[in-house]
């Protein structure tokens, strides 16, 4: 079995959507034109394959390949997929690889004459990256009840647009969102294929791997408030500069993460009023923190916050901390991992610090697993993110073998 033809055609048709020609990265932010184009692409590709496409109450897209005599039993379907949205200037593979591979797997199975005995679906979860509204995995969090719908609808992007407004502007119904057990109770197994976000598979000599667990991780917004003033006339001793407080906090976060064998990153800031010749009035900065266990993560964030408060006292500034989203550690079920090993062979098992919709589902008690495709450089969330074509096809073929194992029995 090979999924090469279907994969190549699908991949080529998706690549141009949302591409920023200036940076070479993707800007497929949730509910923007680029994201809607990707959703339309998926609907078209699935419909061309005779799949039945539907949107659930949280606007996740499901494309169903149903057996001739399916009786509608719950917990019966095999589901594969991922997401199509991106981080700012993200790479081509994070998310879309899983969607394209799932569709290509269906192509390969059909060419081989396979007829499923239980439902098979390809899913696209909405707003996995959280690049626009600040909370990751919104579609799957809403569906599982992990995110309150009122809170979700009130989330705002940098322009002040709420999620409710963005959905309405896209022609969708914001009032429908919320916990959706009807959609999730159909799942017997969800497998998310994803590009490796790291470079462990290369040294292991394997094109594919199986996820063992996801580190606890989260996002926090720190607000640093100071006093705007003239950069050329205000003495250093008279300044209340929030940029200094932020800079000290960022450096301290790096050191504390190193000491705790954890990760801490400030990758996004907003400075007001933003004048080159002015002292800032405020800095908003977003902390991404991850650790092998919850206690280490909690201690890391607490120490970063305490250090920021101490530095603010020295600088004559103020600092606030707001939690935007936190995900506990997820361990994928041993039995599911062993079944994947039995189907695909002795693949390496990898832990990851990256969050995924599969982790949200697994935490909610839904059978879920993940496959990784080798990333030769380990670069992700950047335009140079890459996987070799042969490895991608191997991933799609592996997904097809898992479908045969699960939906052919």
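Result for the chain in a Gaussian network model with C-alpha springs under 10 Å: among 377, 296, 276, the largest mean-square fluctuation is at 276. Return one number: the angle in degrees, 0 to 90 and rounded to the nearest 10, between the long axis of the Cα atoms of helix 96-111 and the longest principal axis of the Cα atoms of the chain. It works out to around 0 degrees. May I ask you to derive the FRET efficiency for residue 13 and residue 314 from their Cβ-Cβ distance with R0 = 51 Å, giving the value to the nearest 0.05? My answer for the efficiency is 0.35.
The DSSP beta bridges internal to the chain are antiparallel in roughly 70% of cases.
Largest mean-square fluctuation among 110, 141, 132, in a Gaussian network model of the chain whose springs join Cα atoms under 10 Å apart, belongs to 110. Residues 15, 287, 314 in ascending order of nearby Cβ atoms (within 10 Å, fewest first): 314, 15, 287.
Across the chain, C-alpha contacts under 8 Å between residues 6 or more apart give a mean separation that, scaled by the residue count, equals a relative contact order of 22 percent. Applying Stokes-Einstein at 37 °C and 0.692 mPa s to the Kirkwood radius of the chain, computed over alpha-carbon pairs, gives a translational diffusion coefficient of 147 µm² s⁻¹. By the Kirkwood approach, averaging reciprocal distances over each pair of separate Cα atoms, segment 90-225 gets a hydrodynamic radius of 17.9 Å. Compared with the dominant principal axis of the Cα atoms in the chain, helix 33-48 is inclined by about 10°. Calculation over all alpha carbon pairs of segment 32-140 in 10 angstrom steps from 0 returns a P(r) of 14, 46, 29, 10, 1 percent. Highest mobility in the GNM of the chain, judged by mean-square fluctuation with C-alpha springs under 10 Å and restricted to 344, 201, 251, is found for 251.
Across segment 217-327 the C-alpha pair distances fall into 5 Å bins from zero in the proportions 2, 13, 23, 22, 17, 10, 6, 4, 1, 0 percent. Short to long, the 5 Å bins of the Cα pair-distance histogram for segment 149-245 hold 2, 8, 10, 9, 9, 13, 12, 11, 10, 7, 5, 3, 1, 0 percent of all pairs. By the count of neighbouring beta-carbon atoms within 10 Å, fewest first, 173, 129 end up ordered 173, 129. If you take the square roots of the eigenvalues of the alpha-carbon gyration tensor of segment 307-394 and sort them as a ≥ b ≥ c, do you get rounded (a/c under 1.5), prolate (a/b over b/c) or oblate? Here segment 307-394 falls in the oblate category.
Angle, helix 334-344 long axis vs. longest principal axis of the chain, Cα atoms, 0 to 90°, nearest 10? Its long axis makes an angle of about 60 degrees. Per residue, the chain reaches -11000 deg cm²/dmol at 222 nm when only DSSP H runs of four or more residues are counted, each adding -39500 (n - 2.57). Sorting 329, 28 from the fewest to the most surrounding beta carbons within 10 angstrom yields 329, 28.
Every number in this text was worked out from the coordinates using simple rules, so none of it is lab data. Everything quoted here is computed from the prediction, not taken from an experiment. Counting neighbours? That spans all protein chains shown, and the Cβs are built from the backbone with ideal geometry, glycine included.
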